[in-house]
């Protein structure tokens, strides 16, 4: 199984507001960068979208090391929360609905195709690839606005 590195980041101008995502895939010396934006979204939706869109770029099952500055996503997988939410019908331990269940469901489906490992990185710090993804996401927001979104 090929081993791929995926860095991701999401950004939102206003929360909710115009949001963007950026992702960078690396494999065997090759890089692929993707980004996008949408209106009336949240930072957490863009963080999830970045991971989803990055995984969608893979055309075969891979072992994927995912790096994100989103504790929301990393902890949901590494602490097993997402599996509990699914089992509970997308409800949290307090009985309230999980936010963004559509994206969590899509991400879980993609995670089942691949062998994923989530890693937390410090955002807006000295991680070169996280900074690239942050710029991809914020540029996507700027471009969306300048194109009349």
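Please treat every number below as a calculation from the coordinates, not as lab data. Worth saying up front: this structure is predicted, and the values here are computed from it rather than measured. Note: ideal-geometry Cβ built from the backbone for every residue, glycine included; neighbour counts use all protein chains shown.
In table form, for the structure just shown:
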{"item": "Fully extended contour minus Cα-Cα distance, from residue 105 to residue 1, at 0.36 nm per residue", "result": "35.0 nm"}
{"item": "Sequence of 46, 26 once ranked by neighbouring C-beta atoms within 10 Å, starting from the fewest", "result": "26, 46"}
{"item": "Relative contact order computed over the stretch 1-103 (Cα-Cα under 8 Å; 6+ residues apart), in percent", "result": "28 percent"}
{"item": "Efficiency of FRET from Cβ geometry, residue 124 and residue 60, R₀ 41 Å, rounded to 0.05", "result": "0.75"}
{"item": "Which of 141, 98 has the fewest Cβ neighbours within 10 Å, and the rest in rising order", "result": "98, 141"}
{"item": "Order of 117, 124 - criterion: other Cβ atoms within 10 Å of each residue's Cβ, fewest first", "result": "124, 117"}
{"item": "Most mobile of 17, 89, 36 in a GNM of the chain (Cα contacts under 10 Å)", "result": "89"}
{"item": "Max mean-square fluctuation residue, GNM over the chain, Cα-Cα springs under 10 Å, options 22, 123, 54", "result": "123"}
{"item": "Where a label projected 7 Å from the Cα of residue 39 along Cα→Cβ would reach, residues of the stretch 13-32 with amide N under 11 Å", "result": "18"}
{"item": "Among 92, 33, 45, residue whose mean-square fluctuation peaks in a GNM of the chain (springs only between Cα atoms under 10 Å)", "result": "92"}
